[in-house]
1. Checking the conditions here, which among T132, T74 is within 14 Å of the chain's Cα centre (by Cα), modelled with pLDDT under 95, over 22 Å from S3 (Cα atoms) and among the β-branched types (V, I, T)?
2. Could you tell me whether any residue of the range 95-118 is without any contact (Cβ under 8 Å) to a residue 40 or more places away in the chain and on the phi > 0 side of the Ramachandran plot?
3. Answer yes or no: is there a residue in the range 17-24 that is more than 13 Å from the chain's Cα centre (by Cα) and either of a type in the set (A, V, I, L, M, F, W, C) or surrounded by fewer than 16 Cβ atoms within 10 Å (Cβ to Cβ) (or both).
4. What number of residues in the range 1-53 are part of a strand (DSSP E or B) and within 20 Å of V117 (Cβ to Cβ)?
Amino acid sequence: MISIAELVRRSGDDDALPLVTIGEFFDGNDEEGAIAPNQWEYGRPPLAELAERFREIEQRDDVAWVRVQLHPETLETDEVLGEAVAICTSADEATCESWLDGLESSGIIDGLVDEYVDVPAVPDGMTIWSVTWD
């Protein structure tokens, strides 16, 4: 899991959080409340299963990349907290929604990555969708 020190380094002077890879967020992370804490124990699968599902999505031919969008309070709390998961894809909204079955997400919305740094390029014909949990 990425460290707070590394997040601070990558955030730069304006404290804009970086988008982080699946590995940076999930690998070694055993804090089940790190993402979608309100759904944990109410249907949201364990972090390891979330990581596996998002890795599978990232391997799809119609997906360029998947990144975790960190919660704005991450630097204030010194805890690595996920807010949403960004998926850069050529798939339409309904198709993306179908990938989320069983994740207890609130669905997807048009990508909310404007306030982040380290956002990979978006290839022509692709859109960023954000998987959210409320």
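1. Within the list T132, T74, the selection yields T132.
2. Yes, that holds for at least one residue.
3. So in the range 17-24, the residues more than 13 Å from the chain's Cα centre (by Cα) come out as none.
No.
4. The total comes to 3.
The values are calculated or read from the model by the stated rules, or taken from the named source; none is laboratory data. Just so we're clear, the structure is a prediction, and the values are computed from it rather than from any experiment. Note that we place each Cβ from the backbone using ideal geometry, even for glycine, and neighbour counts take in every protein chain shown.
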